[in-house]
Each structure stands twice: as C-alpha cells, then as structure tokens.
Amino acid sequence: MQIRSEVPISSLTTFQNEGTVREVVSVDTLADLRSFLETHRVFSILGKGSNTLINPETSIPTFLQISPQWLPPEVRPGNRLLAGAGCTVHQVMKACATAGLTGLEFAAGVPASIGGMVAMNFGCYGRDVSQVVTRVQVVTFSGEDLWLAPEELGFGYRHSRVQTEPWIVVAAEFQLESADMDTVKATQARFVADRLAKQPLRARTFGSTFKNPPNQYAGALIESIGFKGKPVGAVGFSAQHANFLENLGGGTFDAALHLIETVQAQVWATHQVVLETEVKLVR
Ligand SMILES: Cc1cc2nc3c(=O)[nH]c(=O)nc-3n(C[C@H](O)[C@H](O)[C@H](O)COP(=O)(O)OP(=O)(O)OC[C@H]3O[C@@H](n4cnc5c(N)ncnc54)[C@H](O)[C@@H]3O)c2cc1C
C-alpha cells in the first residue's frame, strides 16, 4: 500500500488543474484494500483521472487508487484477457498486440484505466465495454469480494451500476478474438491516428465534457452558441473538438466549472436542451 499526502491534482487527472488533494492511497492487494476499507469511511475512487475534475477545496479527504501492479494484463484460455482495474489502456494494448488479440482497439490512445472504463462503460466508434466484458471483480465497501456478470452491471450510455453501488472494481475480463499480431498493432495505430485527427488527444482535457443528448451532438450545440475554440481565461472548449474542455495552462476547477455551467445555461436558453455532464465532478 502506498500513501501520499498533499498530492498535486496535475499528477492525478488529465485535465491537470491547479491545487492538491489531501491524501491518495494506492492498494496492491485484496488484503491492503480490506484494511483500507476498515480505516476509511469517506473516500473517492480514482482511476487515471481522464474523466474527472477535482475541486482542491473538496471535503473528500482521501482518493483510492487500484495499483497497476495488482494484476497486470494476463491472457487466459479462449482468447480472454484478464486485467487489474489499475492497468492502463496502454498496458492492455501492448498485451493484446503481443498475444495477437483483437477487440479492444477502440480504446487505443486514451489515457484511461480498466476500472474507470468499466465504471463509465467507455465507448466510441460504435463499440463499448459492455460488448466485450465477460466478468468483473468488485470489492464492496464492506470488503466482500464478488465476480459479477455483465447483466449485473446495468451498463448504459456512459453508465454502469459501479457509479451508484458501493463497489470498487478490482479486475475485469474481456472476450477477444485471435488475430495476427501485426494486424492488431496496425488497427491500434489506425485508431490513434484517427483520434489525433479529430481530438486534442495530447492536450489537458477529460475527453467529452457532456453526454450527447438524444439525437444531438453536444459539440454541435456548444459550437452553435459560439464557444468552440473560444478561450475563457485559462480554459476553453477546443477548436478541434468542441466538446473537449482544455486547460490552456494554469486552469482551475472554478474556471472549468464556471464555463461548464455557462454553456449548460446558454444551450438551455437557446435550444431548450439539457446538457448533462459526462465528466465526473469531485466538488
Ligand atoms: C483524450 C481523451 C479521450 C477520451 N476518449 C473517450 C472515448 O472515446 N470514449 C469514452 O467513453 N471516454 C473517453 N474519454 C474519457 C475517459 O477516458 C473515460 O471515461 C474512461 O473510462 C475514464 O477512465 P479513468 O481510469 O481515467 O477514470 P477516472 O476519471 O479516474 O474515473 C471516472 C469514474 O470512474 C470511477 N472509477 C474509476 N476507477 C474505478 C474503480 N476501480 N472502481 C470503481 N469506480 C471507479 C471514478 O470514481 C469516476 O466516477 C477520453 C478522455 C480523454 C482525456
């Protein structure tokens, strides 16, 4: 178990806003996680922070992370891949390329963790986690260790029951297909190139700020009210992809939240459409 104090948010989230959090605890084993749960009642779970905006003034005292060392990606019989929640997409892509496994390339290039992908039902290019996951290991806040089937996870658009139940994802298994190693690598590279062409992949963002409302695109709505590529102090919606909010340098939680709420209000006033945040706010 690793315990760190006064940790810069810039090292915990991809938006990298200013400020620190009080404590970050990273656990490597089930025993560690159970002892953490015995001593901590109020905490927030963090993966790679690629969908999270943290307020440095939050009253949450502790952030819990599952260490990437808990369970590195492991190929299982029948073209399955088992990976700990703390594993990164990068680690998983490498394991898939080495083993010649196809099916997860839609996530290539995204700085996420397996736990965050399951919690959010990560998806793009017409695919999502619910279509490839076979079982998920969770530990409840009371320390119970369970394996859940996809039907028990209540997957929906950027949603799973992990977001509402007292569950910590510790591992997930995926059903993939066998493919030639070079083909897997080439497919991964193609998805990364496509993202680079369409998204500010290397900028400080948390991906899509808002969920797409039914039959509409959040990016088009943001553009329609004139906020695409318009800096507002140290933050602004990207000129490359209007739904990506960028920290342009020195961006704060307050500035990001203010712009998010401004856009929500103006889209409502102009189109009578509710923009729901996809990014998870830790207030
Ligand atoms: C450049 C870029 C591109 C992106 N592209 C996409 C895309 O194409 N499709 C898409 O869906 N998203 C995309 N995202 C958003 C983000 O990568 C996903 O939402 C991803 O699933 C978040 O994973 P994470 O590990 O970073 O989660 P975090 O941001 O750390 O956490 C997200 C949520 O999951 C919860 N959580 C994290 N780990 C666990 C766990 N082990 N147990 C229980 N709950 C947990 C957190 O409490 C939080 O509520 C993108 C982000 C960036 C920066």
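Roughly how large, in nm² to one decimal, is the mean projection of the convex hull of the alpha-carbon atoms in the chain? Can you show the working numbers first?
On the way: hull surface 57.5 nm².
Spelled out: convex hull of the Cα atoms, projected over all directions, averaged, 14.4 nm².
Summing Lys and Arg as +1 and Asp and Glu as -1 over all other residues whose Cβ lies under 15 Å from the Cβ of GLY84 gives a net charge of 0.
With viscosity 1.002 mPa s and temperature 20 °C, the Kirkwood radius over alpha carbon pairs of the stretch 212-253 converts through Stokes-Einstein to a diffusion coefficient of 204 µm²/s.
What does the charge count around ALA234 come to, taking other residues whose C-beta lies under 12 Å from its C-beta (Lys +1, Arg +1, Asp -1, Glu -1)?
Numbers: positive: ARG204; negative: GLU18, GLU246, ASP254.
Here the charged neighbours net out to -2.
Any chance you could list the semi-axes, whole Å, largest first, of the equivalent ellipsoid that the Cα gyration tensor gives for the stretch 74-198, using √(5λ)? Before the final figure, lay out the partial values.
Numbers: eigenvalues 123, 51, 27 Å².
Semi-axes from the Cα gyration tensor: 25, 16, 12 Å.
Ranked by Cβ crowding within 10 angstrom, fewest neighbours first, how are THR39, THR262 ordered?
Details: THR39 8, THR262 13.
Going from sparsest to densest Cβ surroundings: THR39, THR262.
Rounded to the nearest 20 debye, the dipole magnitude of the chain is 520 debye, with +1 charges on Lys and Arg beta carbons, -1 on Asp and Glu beta carbons, and the Cα centre as origin. For the stretch 218-282, a simple Cβ point-charge model (Lys and Arg +1, Asp and Glu -1, everything else neutral) yields a dipole of about 120 debye relative to the Cα centre. Given +1 at the Cβ of Lys and Arg, -1 at the Cβ of Asp and Glu and no other charges, the dipole of the stretch 147-259 around its Cα centre is 560 debye to the nearest 20. Amide hydrogen proximity for ARG204: with H placed 1.01 Å from N in the peptide plane, the residues at 5 or more positions away or on another chain lying under 5 Å are ASN247. Counting only DSSP beta bridges whose two residues both lie in the stretch 1-66, roughly 45 percent are antiparallel.
For LYS230, the lysines whose Cα comes closer than 20 Å to its Cα, not counting residues fewer than 8 places off in the same chain, are LYS198. Expressed per residue, the C-alpha convex hull volume of the stretch 180-283 stands at 123 Å³. Here the contact order of the stretch 74-198, divided by its residue count and restricted to Cα pairs under 8 Å and six or more residues apart, works out to 35 percent.
Helical runs (DSSP H, four residues minimum) scored at -39500 (n - 2.57) apiece and divided by the length of the chain put the mean residue ellipticity at 222 nm at -8000 deg cm²/dmol. Secondary structure note: in the chain, about 80% of the DSSP beta bridges are antiparallel.
Give me the net charge for the shell around LEU33: Cβ to Cβ below 12 angstrom, other residues only, Lys and Arg +1, Asp and Glu -1.
Working: positive: ARG34; negative: ASP28, ASP32, GLU38, GLU144, ASP145.
Result for the neighbourhood of LEU33: -4.
A short reminder: the numbers here are calculations on the coordinates, not readings from a lab. Because the structure is a prediction, the values reported are computed rather than measured. A quick note on method: Cβ atoms are made from the backbone with ideal geometry, for glycine too, and the neighbour counts reach across all protein chains shown.
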